[in-house]
C-alpha cells in the first residue's frame, strides 16, 4: 500500500469532516431579549449623563467624547439584552422609555426641580416614576431607569409568592 494514497484519503476525510461539521452543530444563541431596546435606552442615558455632573449620583460623564465612549461601551454590553427576558419589548414601549429618560434629564437641567415629584408636575408626567419612587432625585432615577413607569419593562419581573 502506498502511504501517499492512504494519507491523502485520511486528509480528504478530515477535510470533509471539518467542512461538514457546521451542518451537525445546532445554532448558537445567547437567548438575549431586547438588545436593540437596551441600546436605545442606554444611549439615552449616556446622552443624559452629563446633566448629573456635580450630583452625588453622577455618572462621571462630562464631555462629548465620554458620552460617545459610553455609547460604544453599551453597544457591546447590551449584547446580553434586558434583565427581563419574558418578551421582546414593542418599539412603542422602547420609544416611551427613551422619551421618559430624556424628560428626566430635562428635569435635572431645571434648577428648581430637586425630586421626581416636582419633575412629574412640571413635565406632564412624561417621567412618572413607579409607585413609591417619586421622592428620588432625577439622577437617582437615571441610575435605575426601571424606576420610571415607561421603563418598568426593563427589570426582571419579581417572582410571585405562592
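Since every read-out is calculated from the coordinates, none of them should be taken as a lab result. Keep in mind it's a predicted model, so treat the numbers as computed, not measured. Glycine also receives a Cβ, built like all others from the backbone with ideal geometry; neighbour counts cover every protein chain displayed.
Take every Cα pair under 8 Å whose residues are at least 6 apart in sequence, average their separation, divide by the length of the range 35-154, and the relative contact order is 28 percent. I need the fraction of alpha carbon pairs in the range 35-154 separated by more than 17 Å, rounded to a whole percent. That fraction is 52 percent.
Here the residues 129, 63, 110, ranked from fewest to most Cβ neighbours within 10 Å of their Cβ, fall in the order 63, 110, 129.
Kindly rank 91-103, 138-150 from highest to lowest mean number of other beta carbons found within 10 Å of each residue.
Working: 91-103: 18.5, 138-150: 21.8.
Result, highest mean Cβ count within 10 Å first: 138-150, 91-103.
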